[in-house]
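These notes are about the structure you will find just below.
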Amino acid sequence: MSITMRGPCEEAGESEEREKEAAAAAGCFAWVPEAEEGSDVDSDSDPETEGTHGLGELVKDTLYLRSCRVHSVVPASCFLRQGSAPELNLRHRGLGPQGARALASSLTANPYVKRLDLRDNGLCGTGAEALAGALSKSSSICDVDLSENQLGAVGAQAICAALTVNPTMQKVQLAGNSLEEQAAQYLAELLLAHTGLKSLDLSYNQLNDQAERIRKAVLVTGETLGPALAENTGLIELNISWNHLRGPGAIAFARGLEANIFLRVLDISYNGFGDPGASAVGEALRTNNVLEELNMSNNRISAVGALSLGLGLRVNQTLRSFVVSRNPMQSEGCLGVLKSVRDNPVSALELLDFSDIQVNRQFDDLASSVKVILPGLCIKTAARRVEYKKDLLPVFRPSLPASAPK
C-alpha cells in the first residue's frame, strides 16, 4: 500500500456537500440563544472562557465550533478567548487552508474584529480564496496581516479582488508570499480601485520589473482623485523592500515619485537600484514635496549614485528621514550627501543614516559643522551609534491594544 503525503497547499478543496453544510450552519445561527452543550469538538480552549457571553459573542463562538466540525479542524482557543476584543491574533497557528475555511464562515458574524493577524499559517492560495469572501463583506476589519502564507498569484488575486470592494480596509500586509509578476497586476488593480488604502507591505517577495505596474497604479491614482486629495485619500505608506527591483524596473519605479502626491513613507531597501536607480530617485526628490521618510539601505549605491541623490537633497523641503546604510558609497559618497544637506537652507531632515559605512576624518569634521547649522539633525555612521526616535504619522499611531494570544 502506498501513502501519498500532501502539504497544506496541495490539498484539494472541500466537497460541494461540505461547503453546503458550512453555508447552512452560517445561516442557522442568527437566532441561536445558547451554545450546544456537550459538544464533541476537540478544542484547546481554556475552561475560563466558558463563562457568560453576550448574545453576539455566543453566536460567533458557536458558529466557529460548528464550522470547525464541518471542516474537520481543531478550533483555535485564542479565537474563543477573543470575545469582543478589537484584535484577533492567530499568527503561527498552522491553520492551513481548512482552518481558513472554518474561520471565514465565522468572521462574517463577528462585528468586533478591527485588526486580523493571520501571519504564517500556511493558508496558500486556496485558504486565501476562502477568506476573500469574509474580507469583502466585513464592515469592521480595517487592518489585515496575511504575511508569510504562500499565497502566490492565486491568493493575491482573491485577496485583492475582495479588498477592492471593501472601502473599510486601510492597512494590508502581504510580505513573504512569493508574489511575482502576475501578482503585480492584481496589486496594481487594487491600488487603482481602492482609494482608501493607506498602508501596503509587499516586502520579501519577488517583484521585479513588473512592479512598474504598481508604481503606475499609485501615480495614476494621484492624477485621477481630484477633489478627494483634500481628504488625504490614497496610499501613504509603501514597503517594497527585499524584492528584485533593479535596472529599468528600478528607474521606472523611482520616476513615479516625481509626480506622486500621496506617499509619505517609502521603503525600497534591499533591492538593486544601483547608481542609475539612485539617480532617478535623486531627480524625484527635486520635485516631490510630500515624501517624509525614505529607506534605500543596501541598494548597491556607490559614491556616484550618492552624489546624484545629493542633487535632490539640495532642494528637497519635506524629507525628514533618509536611510542609505550598507551601501558601497564610502566616505566620498557620504560626504557628498552631507554637503548637499548643508547647502539646503530649507532642509527638513532629522535623520541621515549611513550605518555600517566607514567614514574618514573629513566627514567627521563636516558633520560637526553641520550640527551647528542643523542642531536637530541626527547623523549615524559605522562609528557613530546615535539614538533617534521618530514620531509616528497620525494614521500609523496604534489605536488598538497590542494584545497577543496567551
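The numbers here are math on the coordinates, done by the rules we state, and not lab data. Treat the numbers as computed from the prediction; the structure is a model and nothing was measured. In this analysis, Cβ positions are derived from the backbone assuming ideal geometry, glycine residues included, and neighbour counts consider all displayed protein chains.
Assorted remarks:
- Added length on full extension, which subtracts the Cα-Cα distance from 0.36 nm per residue, Asn360 to Glu258: 33.4 nm
- Amide proton proximity set for Lys380, modelled H, under 5 Å, gap of 5+: Leu352, Asp353, Phe354
- Among 166-175, 133-142, the order from most to least packed when residues are scored by Cβ within 10 Å on average: 166-175, 133-142
- Full extension of the chain between Leu192 and Thr287 gives 31.9 nm of extra length, using 0.36 nm per residue less the Cα-Cα distance.
- Whole-Hz couplings from phi, Karplus 6.51/-1.76/1.60, listed for segment 164-177; x for Gly and Pro: 4, 9, 10, x, 6, 5, 10, 9, 9, 10, 10, 5, x, 10
- Calculated FRET value between Glu332 and Ile373, using beta carbons and R₀ = 22 Å, to 0.05: 0.55
- Full-stretch length increase - Ala85, Val165 - with 0.36 nm per residue and alpha-carbon distance subtracted: 26.3 nm
- Nonlocal amide H pairs with Val113, under 5 Å, H built at 1.01 Å: none
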